[in-house]
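These notes concern the structure reproduced below.
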Amino acid sequence: MKIAREIALKIKNAEDIVVISHIDADGITAGSIAARSLERLGKNFRIEFVKQLDARIIGNLKDENPQLVWFTDLGSGMLHEMYGLNAVITDHHVPSASQVVLPREKRKNLSTFFDALNKTEILQLNPHLFNKDGAVDISGSGTTYLVARELDRRNVDLSALAIVGAIGDMQDTEYLKLVGTNRILLREAKENGYIDYFMDARFFGRETRPVYKMLQYSTDPILPTITGDEKAAMRFLRELGIPLKRESWRRWIDLTIEERKLILSELVKLILRMGYGHELASRLIGEVYILSHEERGTPLRDAKEFATLLNACGRYRQAFIGYQVCLGDRDEYYKRALSMLSRHRRNLVEGINFVKEIGLIKREYLQYFHAGSNINENIVGIVASMILSEEGKEQLPIIAFANSEDGNIKVSVRSPRVLVNQGVDFSIIMKEASAMVGGYGGGHNIAAGASIPPGKEEEFIDIVEKMLQKQLEGANSRIS
Ligand code: C5P
Ligand code: C5P
Ligand code: ZN
């Protein structure tokens, strides 16, 4: 790909590089891919993981003035702020502009105009610039990998991390497998022996969780009468004659093929019998991704579990721990990552329970909740995702509010796929609605977020609902 080669060339020509990446699983894998490639080139670099790329961070980078900044899994949404930087971007978020915009004061006279223009050179690799959907086609770690493989053929060993990043961003959830450009990376990872993939149960925890727990915690799909009920999960397995324990609790990977088939076919029957329909039942099985070089039965073996381990670090300001694990640490950092993982799991369960307690407020086109300080702003989006996938068919998008440590209100939104297919785009809604109340936001059509001033929540919800209604009406008028 031409742009990947151009970016690679620009990186090769720089000596002093700053990598800025995002704190979630995709951001950590993207940053690790960039870092390992720079290490192999023998470059001087430092890496920083940020929650959100804002004008302040970009301002600091302009002051620091490194030869080159490499933004991974972020950057495109802030392109309009980047005049004066020499940078490359490998991202998949909706770009705010197709090229750098010079601010009005720089455009006033020719000398400041050319000065700013000369200092600014930004190359961007982003699926949106190829008319691809950045929520499913390729992730931030994927675009970063496309550049890494142009830098050095040895970087093909980083292909597994690109798959973990895509899974971390849930790019397999629509088609129950990776598609588009991700598929090209996947084949490359498989051909070189880094990833294996096949059809199996899509449950989280195939490698590490006792089977009854895996079923008890399943939210995609929700298992009627089983999800959320430990005793019911155990009973279900016992009634099928499946021993729960040998020397230790049996995991999905410990079961025989016959046992796995029996469980899946009984779950299909259960879902249909309870009236949840074929579509939900079809979500039981999908493609799963195995990191062939990782030890069996560990959270690093299955891409979904690996990604969760990384989120468990990054979303609690410890991205560096996950980064070290991606680069190969299986000692001190790995241990710390494992303990972050158990805390993360507890927080998610508590978060979901909290929302169930306070209840979602339903409006005509959307539903929302305000977690205040009860759910960490960095995981409130994951909680919203999990609740949405639990809800079954008649879903409305979920808007979640949480107090942010900077005094503002964090907004996360997750949309049902059907609405996106009808033309809804929450990256636009978040960007425009937040700007109208003095905040900022963006993201993807299906999953987006914003930061708004406290006290503006009600006004914001009204604006979001109107915009959503308009997008839906626009879609309907196009169809009719
Ligand atoms: O910032 P970033 O692009 O990495 O975040 C993407 C977010 O979108 C993730 O939290 C991911 O879980 C969410 N997502 C989702 N459903 C999809 C695709 C992405 O909830 N189908
Ligand atoms: O934090 P959360 O997982 O809900 O973020 C969902 C998506 O919205 C991510 O892609 C994130 O980068 C984006 N987002 C944004 N601006 C914000 C908050 C989130 O673009 N202020
Ligand atoms: Zn991403």
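The values are calculated or read from the model by the stated rules, or taken from the named source; none is laboratory data. Just so you know, these numbers come straight off a predicted model, no measurement behind them. Please note: Cβ atoms are built from the backbone with ideal geometry, for glycine as well, and neighbour counts cover all protein chains shown. Note: accessible area is taken over every heavy atom of the protein model, side chains too, but ligands, DNA and RNA are not part of it. Shrake-Rupley method; radii C 1.70, N 1.55, O 1.52, S 1.80 Å.
Every test in (1) surrounded by fewer than 20 Cβ atoms within 10 Å (Cβ to Cβ); (2) modelled with pLDDT under 95; (3) over 30 Å from Val268 (Cβ atoms) is passed by Ser373 save one, and that test is (2).
Looking at Lys356, Lys410, which is the one that is part of a helix (DSSP H, G or I) and either open to solvent by 30 Å² or more (accessible area, probe 1.4 Å) or farther than 18 Å from Lys431 by Cα (or both)? Break it down stepwise before answering.
Working: Lys410 fails: part of a helix (DSSP H, G or I).
Only one candidate passes the filter, namely Lys356.
Kindly indicate whether Leu102 is more than 16 Å from ligand 2 (Cβ to nearest atom), open to solvent by less than 10 Å² (accessible area, probe 1.4 Å) and at pLDDT below 95. Explain how you work it out, then say what you get.
On the way: more than 16 Å from ligand 2 (Cβ to nearest atom): yes; open to solvent by less than 10 Å² (accessible area, probe 1.4 Å): no; at pLDDT below 95: yes.
No.
Condition first: within 19 Å of the chain's Cα centre (by Cα), within 16 Å of ligand 3 (Cβ to nearest atom), open to solvent by less than 20 Å² (accessible area, probe 1.4 Å) and of a type in the set (Gly, Ala, Ser). Can you find one or more residues in region 430-441 that meet it? For region 430-441, residues within 19 Å of the chain's Cα centre (by Cα), within 16 Å of ligand 3 (Cβ to nearest atom), open to solvent by less than 20 Å² (accessible area, probe 1.4 Å) and of a type in the set (Gly, Ala, Ser): absent.
Take the conditions (1) assigned by TED's automatic domain parsing to the domain that holds Trp70; (2) over 20 Å from Gly75 (Cβ atoms); Gln216 misses just one of them, which is (1).
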